[in-house]
Amino acid sequence: MNAVISQSDVVTAYGWGLDALWNGLMSGKTAIAPTQRFAERGFISDQAAIIEDLSPEPNESRVMAMLRRLLTPILGTLDPATPLILASTVGEIEFIERAVLENNSAMLTEARPQALVQRVRQMLGLRGEAIALSSACASSAAALTRAASMIQHGEAPAVLVVTCDAISEFVYGGFSSLMSLSPRAARPFDAGRDGLTLGEAAAWALVTTRREGISILGWGNTTDAVHMTAPDRNAGGLTRAIDKALAMSRKKHNDICLIAAHGTGTVYSDAMEMVAFQRGFQSSVPVFSVKGGVGHTLAAAGLVQILVAGRAISSGHAPPTVGLGNVDAGAAGWARNAPADLGTTRVALSTNSGFGGVNTALVLGAAVDA
Amino acid sequence: MWALSRAWERASPAFSSAEEVPALMGRPVKYYARMTRETRCSLFAATLAVESSGARPDGTEIGLISAGSDGWMQASAEYFRDYVEHGRTLGRGNLFIYTLPTSGLGEVAIALGLSGPCMFAHDAKNPTAGLCRTGGQMLTDGEAQMILGIYSGPDAAVCLNLHRGPGITEMNALIAENGQLNPLELCHKLRERVRQA
């Protein structure tokens, strides 16, 4: 039984909706800009991809403000029995900050992803299974693999995946302390890349058995078991994830016309991904990363790039990697700073990796391939 | 078809001194010192589960899923409190990396060399049944040959060992009857049954 993303929506720093994201990437202009939010903190960067027109209500988190607006159009449209998977890295991080700053430990309970998934479930009027899922920066990609599995096992005719993460002082300070932030907008796969830029985003996808949409043809989830924060330089974990996804989808490397890469813009992570790609593919395939445009949106990163990949394979055009100037030797012929024609093939690969050495790969098809 | 190959492994080690480190874990106490208490509990429970299964991580693809546990939330508060107390300019990276629900699983994977899927998947209504269902589907999908389902509380962790094939009928039945309980509660229930028997 095929699992298909038949409906979806997204918000990033480019704006609300997939058109805003797609057009922003195709324009080659970044949505990353200096922010004054943490100006007094002395972090190693002031760059971020922030959703500007967001107005949280009193006692509402930025995450919930994003989701409230993004999910409003589908209120009352879903079968109440639809299972919900909510993918976030931690939950509503602002509540952790408030718990500490206001010395209110009860607030920690509100911050948990389990609490967030219940809030979203209640807002949508759902009564089915509700799963809080986290797999670091591969969270939403992993959530899609779980949704596809539930569909294929006949657990439900539709599964709703919701993902979100906001920029917070907590996270910004953490990545700053790890020296992971670029002082300028991230430049994935660039020879001069020097770190990532944080972004915020929310997205949802309804995974069903319908024939129209983005087909989830196969997937692989693996762990490096090498280091908590650094990638395996031999790309062993990601290579296995890709091989598993291809085997499940019964596709071969040469069936893939496009790769939506994690592409954070850090030196080692981008290099690790290229090692995995070059190991498996006989010849170069167009590779893009959205993170030069919308930043690293953490848990949401996987679904954001998958929605872009879906638009790309349905339109026949790959977006450029925004911010890419002087392409790294290891990515030459793969990553581009201009749109690419995909020809007639309609199968894409999407990869994500994260802290703890997690890797997720998905093979995606256009509706015609379903 | 999936099953539990062994009822569970429960562990609650603090090992603050070298003498307390279980011999089978085989590393000096300093290796574990950087970990949160929850991570140490999870690691100990997973180690016991792998040992009791007889599987070799270098020859068996073993995945990790977890549920419950607010240990990482406490670690998150500790990281941010430390950051605030030190002037809100620079956090400690070694605290920041333990703020994710999967941080502990990452350490388990590294320590034991586990290479399968790794994710936190908490079903609030049915934590135990949810873990088993998720792990069972992963096994059927061929994502791993064995799945360790870890549930850790503040002072203890339980590791459910899921694999394909026949398992312990009573345990599967117990989970089916009590899926709404978390694995720690289920441990108490099964212990009571054993005592009564």
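Taking the options A:Ser139, A:Ser135, name whichever one is under 23 Å from A:Arg69 (Cβ atoms), surrounded by 24 or more Cβ atoms within 10 Å (Cβ to Cβ) and in contact (Cβ under 8 Å) with a residue 24 or more places away in the chain.
A:Ser139
Mind listing just one residue for me: the one in the stretch B:135-148 that is open to solvent by less than 10 Å² (accessible area, probe 1.4 Å) and of a type outside the set (Gly, Ala, Ser) and, of those, farthest from A:Leu217 (Cα to Cα)?
So, considering only residues that are open to solvent by less than 10 Å² (accessible area, probe 1.4 Å) and of a type outside the set (Gly, Ala, Ser), the one farthest from A:Leu217 (Cα to Cα) is B:Leu148.
Could you check A:Asp53 against (1) open to solvent by less than 60 Å² (accessible area, probe 1.4 Å); (2) over 30 Å from A:Gly154 (Cβ atoms) and say which number it fails?
So A:Asp53 meets the others, but not (1).
So, in the stretch A:180-194, of the ones that are in a loop (DSSP other than H, G, I, E, B) and in contact with a helix residue (DSSP H, G or I) (Cβ under 8 Å, 6 or more places away or on another chain), which residue ends up farthest from A:Gly302 (Cα to Cα)?
Among them, the one singled out is A:Ala191.
Among (1) touching a helix residue (DSSP H, G or I) at 6+ places or on another chain (Cβ under 7 Å); (2) farther than 13 Å from A:His262 by Cβ, which single condition is A:Ala312 missing?
(1)
Restricting to the stretch A:321-339, give me the number of residues that are open to solvent by less than 20 Å² (accessible area, probe 1.4 Å) and closer than 18 Å to A:Phe277 by Cα.
Residues meeting the conditions: 4.
For B:Cys132, all conditions in the list (1) over 22 Å from B:Glu51 (Cα atoms); (2) open to solvent by less than 10 Å² (accessible area, probe 1.4 Å); (3) more than 7 Å from chain A (Cβ to nearest Cβ) hold save one; what is the number of the exception?
(1)
Considering only the stretch A:198-230, state which residues are under 30 Å from A:Phe43 (Cα atoms) and away from chain B (no Cβ under 12 Å).
A:Leu198, A:Gly199, A:Glu200, A:Ala201, A:Ala202, A:Ala203
Across the stretch A:10-37, what is the number of residues that are more than 18 Å from A:Ser315 (Cβ to Cβ), surrounded by fewer than 19 Cβ atoms within 10 Å (Cβ to Cβ) and not aliphatic (A, V, I, L, M)?
Residues that pass the stated criteria total 7.
From the residues in the stretch A:242-263 that are within 18 Å of A:Ile313 (Cα to Cα) and surrounded by fewer than 20 Cβ atoms within 10 Å (Cβ to Cβ), which one is farthest from the other protein chains (Cβ to nearest Cβ)?
A:Asn254
Looking only at the stretch A:170-194, which residues are free of Cβ contacts under 8 Å to residues at least 40 places away in the same chain and open to solvent by less than 10 Å² (accessible area, probe 1.4 Å)?
Answer for the stretch A:170-194, where residues must be free of Cβ contacts under 8 Å to residues at least 40 places away in the same chain and open to solvent by less than 10 Å² (accessible area, probe 1.4 Å): just A:Gly174.
Can you tell me how many residues in the stretch A:341-365 are open to solvent by 10 Å² or more (accessible area, probe 1.4 Å) and not β-branched (Val, Ile, Thr)?
Counting residues in the stretch A:341-365 that are open to solvent by 10 Å² or more (accessible area, probe 1.4 Å) and not β-branched (Val, Ile, Thr) gives 7.
For every residue, the table says whether it meets (1) closer than 21 Å to B:Asp70 by Cα; (2) under 20 Å from the mean Cα position of the chain (by Cα); (3) in a helix (DSSP H, G or I); (4) not polar (S, T, N, Q).
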| residue | (1), (2), (3), (4) |
| --- | --- |
| A:Arg119 | yes, no, yes, yes |
| A:Gln122 | no, no, yes, no |
| A:Leu126 | no, no, no, yes |
| A:Leu133 | yes, yes, no, yes |
| A:Thr145 | no, yes, yes, no |
| A:Ile151 | no, no, yes, yes |
| A:Gly154 | no, no, no, yes |
| A:Tyr172 | no, yes, yes, yes |
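Residues in the stretch A:59-82: is at least one under 24 Å from the mean Cα position of the chain (by Cα), under 26 Å from A:Leu178 (Cβ atoms), of a type in the set (D, E, K, R) and more than 9 Å from every other protein chain (Cβ to nearest Cβ)?
Taking every residue of the stretch A:59-82 in turn, at least one turns out to be under 24 Å from the mean Cα position of the chain (by Cα), under 26 Å from A:Leu178 (Cβ atoms), of a type in the set (D, E, K, R) and more than 9 Å from every other protein chain (Cβ to nearest Cβ).
Could you list all residues from the stretch A:102-130 that are within 20 Å of A:Gly173 (Cα to Cα) and more than 7 Å from chain B (Cβ to nearest Cβ)?
Across the stretch A:102-130, the qualifying residues are A:Glu102, A:Asn103.
Can you name the residue in the stretch B:90-107 that is more than 7 Å from chain A (Cβ to nearest Cβ) and surrounded by fewer than 24 Cβ atoms within 10 Å (Cβ to Cβ) and, of all such residues, is farthest from A:Ala87 (Cα to Cα)?
B:Asn94
Looking only at residues in the stretch A:231-241 that are open to solvent by 40 Å² or more (accessible area, probe 1.4 Å) and part of a loop (DSSP other than H, G, I, E, B), which one is farthest from the other protein chains (Cβ to nearest Cβ)?
A:Arg233
Which one of A:Gly263, A:Gly323 is closer than 17 Å to A:Leu238 by Cβ and of a type outside the set (Ser, Thr, Tyr)?
When all the criteria are applied, what remains is A:Gly263.
Mind counting the residues in the stretch B:108-129 that are within 13 Å of the chain's Cα centre (by Cα) and within 7 Å of chain A (Cβ to nearest Cβ)?
Count: 7.
Which residue pairs have Cβ atoms closer than 7 Å, lie 6 or more positions apart in sequence or on different chains, and pair a first residue in the stretch B:181-197 that is within 10 Å of B:Tyr151 (Cβ to Cβ) with a second residue that is open to solvent by 100 Å² or more (accessible area, probe 1.4 Å) and modelled with pLDDT of 70 or more?
none
If a residue must be in contact (Cβ under 8 Å) with a residue 60 or more places away in the chain and part of a helix (DSSP H, G or I), how many such residues does the stretch A:258-312 contain?
Adding up the residues that qualify gives 24.
In the stretch A:67-111, what residues are of a type outside the set (Lys, Arg), open to solvent by 60 Å² or more (accessible area, probe 1.4 Å), in a helix (DSSP H, G or I) and more than 17 Å from A:Met123 (Cα to Cα)?
Hits for the stretch A:67-111 are A:Leu101, A:Ala106, A:Thr109.
The values are calculated or read from the model by the stated rules, or taken from the named source; none is laboratory data. Keep in mind it's a predicted model, so treat the numbers as computed, not measured. Heads up, the Cβs are rebuilt from the backbone with ideal geometry, glycines too, and the neighbour counts pull from every protein chain shown. The area values use the complete protein model at the heavy-atom level, side chains included, leaving out ligands, DNA and RNA. Shrake-Rupley method; radii C 1.70, N 1.55, O 1.52, S 1.80 Å.
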